[in-house]
Structures are given as C-alpha cells and as structure tokens.
Amino acid sequence: MTASVSTFADLLQSAVTEPGIISGAYSAFHNYSLGNQLLAWSQCAARGIQPGPIATFMGWKEKGRHVKKGEKAITLCRPVTVKRTTTDDVGGEEVQAATFFVHKASWFVLAQTGRCRPATDADPLVGPCDGARRPASHRGAL
C-alpha cells in the first residue's frame, strides 16, 4: 500500500509543479473527475500511449471502432452503490445504501483502437478497417 501512496504522491507533485500536465489531462479526459484525469493521464504516459478520448470495449464497438489485439485497459476509480433493505420487528422496511470506490480496468484510449467502418462528417473518429479484413497475402505486412 505504501508504494501506491508514494506513487500517487509523486504523480500529484509532478502534476502541480510541471507546467501543462493538469491542462493536458483535462483536455484529454474532461468528462472525468480530477483524480481519474490524472490516473488516466499517468497510465497513458507510463505506457507511451497518446492521451485522447476513452471508452469501454463496448463503447468503442458502438462507435464503430475495435480495440486492437493485445491492448490492456486503463484503470479508473468508480463508485459502486450497494442498497440493502432491512425489515424491523414492527414490519417496516428501511433501505440502506453504501457507496464504495473500486478501481476497474475497463477503459481504452482512442490510440488503442482501430477503425471498422467508413468515416462520416458526423463521426470523424471512424474510418476504414485497420486490418481485420486485409487479404491473407497482406497479413503481417506493415
């Protein structure tokens, strides 16, 4: 646990002291909390991935993109709310809720995906397939 705390402390220190880190994380991951922005940015930086829009595997599939083979998901922190209904001695019901925060590796950055259908003016993130349908004679060629 100490290693992750010191790592986060180092990340936070560099984010505050080095110019452009917070604004770069915000511009790439603006729909997420500051903690998740820094978490996503640090994983991209550690893996050499260009920060960009992120979505789940199914989210990219719905957008007409596929996650490239061998890519590993980035981890974000998300809340999980658990509700429990209890019955007291008189027969009344009470709903109790507890929120936990869990780290799940479920998100992929745009740079980890490939195109699967033609690009349109409305959706410029998609385009011709990057290799899933290449002829057998071209497989393996770069």
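Read-outs: derived from the displayed coordinates by stated rules, not from any lab. A quick note: this is a predicted structure, and the numbers were derived from the prediction, not measured. Positions of Cβ are generated from backbone atoms using ideal geometry, with glycine treated the same way; all protein chains shown enter the neighbour counts.
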Where labels lie 7 Å past Cα in the beta-carbon direction, separation of A97 and F57 in nm: 3.0 nm
Any lysines with Cα under 26 Å of the K83 Cα? List them, leaving off those in the same chain fewer than 8 positions away. K104
Within the range 57-89, whose backbone N sits under 12 Å from a point 7 Å along Cα→Cβ of S33? 76-81
Counting other beta carbons within 10 Å of each residue's own, what order do R84, R65 fall into, fewest first? R84, R65
So the FRET efficiency between A111 and V90, C-beta based with R0 = 35 Å and rounded to 0.05, is 0.05
